[in-house]
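Data first, discussion second: the structure below is written as structure tokens.
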Amino acid sequence: MKRLSAFHFAAALFLFGAVSAEAADTVNTQGPTVRVEKLADGLDHPWAVEVLPDGAYLVTERPGRMRIIRDGKLSEPIGNVPKVSARGQGGLMDVALAPDFATSRKLYFTAAVANAKGSGTEAFSATLSNDEKRLDAVTPVFTMRRFTSGNIQYGSRIAIAPDGTLFISVGDRGDRDRSQDWQDDAGSIIHINADGSIPADNPFKNGGKALPEIWSKGHRNPQGITFDAKDGKLYTVEHGARGGDEINQPEAGKNYGWPIITYGRDYSGAEIGEGTAKKGLEQPLHYWDPSIAPGALAVYRGAMFPEWDGDFIVAALKFQLLSRMQRDDSGAFVAEERLFEGEYGRIRDVVVAPDGALLFVTDEDDGALLRVSRAQADNG
């Protein structure tokens, strides 16, 4: 496949990331021919991207910066982003626009933050100032109750439900047994209202067996979480150990097994847990072995690629690709197409833009934002 021309610009030129038609790749897939163009580079380990109402892009960088990309140029960092713990896998992570962002300017984001006891995952709400230079009204809406040492496996994506509540994925922080402790947020999907309060439909809203914010348990390190716009179901994708990356459909109060059951092994090769199945523990909808190291997850519902309708698009770090998971009419996964393998770097986030194009960011020192659209020859 032809590489993007001048893909690796000198870092000093990163503010001028606009690309011309000659700088785009044309790639054949099992279906449509697609065009991959770089919208900007010079990003420092970008973690997430969202499309603003005017078509510009809001991106996060793991060291603790938010920027806007407009007309191929990167803004200066947005002010008033809280201090993050940018160590190991930690830092500034996901960002999600409120459904009424166009009028409210409200957004949510997650980060690894530190205190005297260690670090943990925290989620915030804020508003973006009209001049886009700062965040206002920055407010924590969720904080892990137990901070610990170590700098791995924070989660941490946000999915906004149709009713405006937030689902937040939290990793096991490298301590697998925490995923089975119902009094610990680690290894959980968290469900909260937009102000951080507990929704009435949470399975443990009154406490008792589990913390009231917990929706589901037994997750290892879910870095993808999204709703299917068609059926309203919630889906996650999460890192296994050596093998055992999973797609799950988290339901209220259910246990997804880690580390009691898993299709993976320890990095040493040793077995983990009690096998691949146990009564009372949920099976994944799909698992990968060997691991692809999944990042974000999107369910494709867009006009640009109607032949991909309902497919899952999974960002992958290890093999540097997008995995297109094809489903049949029952929703079962029946085939996988691996797109762009090894061509653009470690892919951390993928989203479906309003026009149906795919957007993805590469988790690299010189990270980039790229757009996948239908090649002109396929437009008729």
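The values are calculated or read from the model by the stated rules, or taken from the named source; none is laboratory data. Computed from a prediction, not measured in an experiment: that's the story for all the values here. Here Cβ is always computed from backbone atoms with ideal geometry, including for glycine, and neighbour counts include all displayed protein chains. Protein only, heavy atoms only, side chains kept; ligands, DNA and RNA dropped before computing areas. Shrake-Rupley method; radii C 1.70, N 1.55, O 1.52, S 1.80 Å.
When you go through 246, 238, 274 one by one, which is the residue that is at pLDDT 95 or above and open to solvent by 40 Å² or more (accessible area, probe 1.4 Å)?
Among 246, 238, 274, only 274 is at pLDDT 95 or above and open to solvent by 40 Å² or more (accessible area, probe 1.4 Å).
Confirm whether residue 197 is more than 21 Å from residue 49 (Cβ to Cβ), small (Gly, Ala, Ser) and in contact with a Phe, Trp or Tyr (Cβ under 8 Å, 6 or more places away or on another chain). Spelling it out, it is not the case that residue 197 is more than 21 Å from residue 49 (Cβ to Cβ), small (Gly, Ala, Ser) and in contact with a Phe, Trp or Tyr (Cβ under 8 Å, 6 or more places away or on another chain).
For residue 253, the test of being more than 17 Å from residue 178 (Cβ to Cβ), in a loop (DSSP other than H, G, I, E, B) and open to solvent by less than 60 Å² (accessible area, probe 1.4 Å) is passed. What do you reckon, is residue 169 under 26 Å from residue 99 (Cα atoms), hydroxyl-bearing (Ser, Thr, Tyr), touching a residue at least 12 places away in the same chain (Cβ under 8 Å) and open to solvent by less than 10 Å² (accessible area, probe 1.4 Å)? Taking the combined requirement at face value, the residue satisfies it. Scanning the stretch 140-157 for residues that are within 11 Å of residue 110 (Cβ to Cβ) and charged (D, E, K, R) gives a single hit, 157. Residues of the stretch 284-297 that are in contact with an Asp or Glu (Cβ under 9 Å, 6 or more places away or on another chain) and closer than 20 Å to residue 330 by Cα: 284, 285, 286, 287. Selection over the stretch 347-380 of residues that are outside any strand (DSSP E or B) and under 25 Å from residue 227 (Cβ atoms) gives a count of 6. The set of residues in the stretch 51-74 being open to solvent by 30 Å² or more (accessible area, probe 1.4 Å) and within 17 Å of residue 134 (Cβ to Cβ) consists of 65, 70.
Sub-9 Å Cβ pairs linking a first residue in the stretch 77-104 that is at pLDDT 95 or above to a second residue that is assigned to a helix (DSSP H, G or I), at least 6 apart or interchain, are 98/104, ordered by first then second residue.
Residue 296 - would you say it is within 19 Å of the chain's Cα centre (by Cα) and among the hydrophobic types (A, V, I, L, M, F, W, C)?
Judged against the criteria, residue 296 is a match.
Annotation for the stretch 85-93: at least one member residue is more than 17 Å from residue 221 (Cα to Cα) and in contact with a Gly (Cβ under 9 Å, 6 or more places away or on another chain). Can we say residue 301 is part of a loop (DSSP other than H, G, I, E, B), open to solvent by 40 Å² or more (accessible area, probe 1.4 Å) and either farther than 18 Å from residue 227 by Cβ or of a type in the set (D, E, K, R) (or both)? Yes; evaluated as a whole, the condition is true for this residue. Answer yes or no: is there a residue in the stretch 322-331 that is open to solvent by less than 10 Å² (accessible area, probe 1.4 Å), of a type in the set (A, V, I, L, M, F, W, C) and part of a strand (DSSP E or B). Yes, that holds for at least one residue. Taking residue 141, is it open to solvent by 10 Å² or more (accessible area, probe 1.4 Å), part of a strand (DSSP E or B), modelled with pLDDT of 95 or more and hydrophobic (A, V, I, L, M, F, W, C)? Spelling it out, residue 141 is indeed open to solvent by 10 Å² or more (accessible area, probe 1.4 Å), part of a strand (DSSP E or B), modelled with pLDDT of 95 or more and hydrophobic (A, V, I, L, M, F, W, C).
Of the candidates 355, 311, 329, the single residue that is modelled with pLDDT under 95, of a type in the set (D, E, K, R) and out of contact with any Leu (no Cβ under 9 Å at 6 or more places or on another chain) is 329.
When residue 79 is tested against (1) over 15 Å from residue 134 (Cα atoms); (2) surrounded by fewer than 17 Cβ atoms within 10 Å (Cβ to Cβ); (3) over 17 Å from the mean Cα position of the chain (by Cα), exactly one condition is not met: (1). When the stretch 106-127 is limited to residues that are out of contact with any strand residue (DSSP E or B) (no Cβ under 6 Å at 6 or more places or on another chain) and within 17 Å of residue 92 (Cα to Cα), the one that is least open to solvent (accessible area, probe 1.4 Å) turns out to be 120. Taken as a whole, the structure places residue 228 among residues that are of a type in the set (Asp, Glu) and closer than 30 Å to residue 318 by Cα. Checked against (1) more than 17 Å from residue 225 (Cα to Cα); (2) open to solvent by 40 Å² or more (accessible area, probe 1.4 Å), residue 285 meets all criteria but (1).
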